[in-house]
Amino acid sequence: MGEIFNQLYMALISMLSLAFFGGLAFYIIHASNSRWREYELLYAAFEPREPLAKKLAGMVRISQPGFRWGHMSGDLKSHRHPPVVVGVHPDGLSLSIVPPFRYGCRDLFLPFAKMTVEPAAWDLSDKEYGIQMEGVDGIEILIFSNVMQWAAEHSEILGLMLQRAELLRKETIGKRADQVPALR
């Protein structure tokens, strides 16, 4: 009789442990995708659209503008989303996290009409781009420069946005150079 209670006790403990750690894993996954969900509120892609071109981008990072190092810079909600497919459409970009990393995140469609592309720095690289959207204040989507340049090859509008960002980048570098005192 004691063995039956022991087996029931072990089964109950196992189920409670599994429920606890499953709930903890769900909470961590849910919390790490909070920035993506901020974009979903306004820019979720509700209907599938066929892009002019699409490419696996590796990853994108959603964080506050100017926080080069993400968590280490103090942006505690910064998150890198692994493999993301970027699609180029005549009127915007689509972003889709590759399964199984999706965790319930919907695809995003970012229309060019509400988009601003800014120069950005990401970890050791100074030549990346940050996409800022109307209605989503204080955060941007950072995408590697090679992916954005590839997308600009398929969209004239995006190409003009990248040219503007490069002009801003050169202007910023010029201002920094003027602020450095000359060595004597």
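Couple of notes before you dig in:
- Within the accessible area of the chain (1.4 Å probe), percent carbon and sulfur: 63 percent
- Amide proton proximity set for residue 129, modelled H, under 5 Å, gap of 5+: 120, 143, 145
- With coordinates expressed along the principal axes, the C-alpha atoms belonging to the range 1-155 extend over 74, 37, 26 Å, beginning with the largest.
- Computed from backbone phi with θ = phi - 60° and the Karplus coefficients 6.51, -1.76 and 1.60, the 3J(HN,Hα) list for the range 86-101 is 9, x, 9, 10, x, 10, x, 10, 10, 10, 9, 6, 6, x, x, 7 Hz; x is used for glycine and proline.
- According to the Kirkwood relation over distinct C-alpha pairs, the hydrodynamic radius of the range 78-148 is 13.0 Å.
- Backbone amide hydrogens, once placed in the peptide plane, bring residue 155 within less than 5 Å of nothing, excluding anything fewer than 5 places away on its chain.
- Accessible-area value, residue 107, 1.4 Å probe, nucleic acids and ligands omitted, Å²: 50 Å²
- For the set 96, 17, solvent exposure ranked by accessible area (probe 1.4 Å, protein chains only) runs largest to smallest as 17, 96.
- A Gaussian network model of the chain, with springs between Cα atoms under 10 Å, assigns the largest mean-square fluctuation among 158, 167, 24 to 24.
- Note that the range 13-24 has calculated 3J(HN,Hα) couplings of 4, 5, 5, 5, 5, 4, 5, 4, 6, x, x, 5 Hz, one per residue in order, obtained from phi through the Karplus relation 6.51 cos²θ - 1.76 cosθ + 1.60 (θ = phi - 60°); glycine and proline are x.
- Heavy-atom accessible area per residue - the range 108-156, 1.4 Å, Å²: 43 Å²
- Projecting the Cα atoms of 85, 15, 149 onto the charge dipole of the chain (Cβ charges, centred on the Cα centre) puts 149 farthest toward the positive pole.
The values are calculated or read from the model by the stated rules, or taken from the named source; none is laboratory data. Only a predicted model underlies this, so the values are computations on that prediction, with no experimental measurement involved. A quick note on method: Cβ atoms are made from the backbone with ideal geometry, for glycine too, and the neighbour counts reach across all protein chains shown. Side chains included, ligands, DNA and RNA excluded: accessible areas come from the protein's heavy atoms. Shrake-Rupley method; radii C 1.70, N 1.55, O 1.52, S 1.80 Å.
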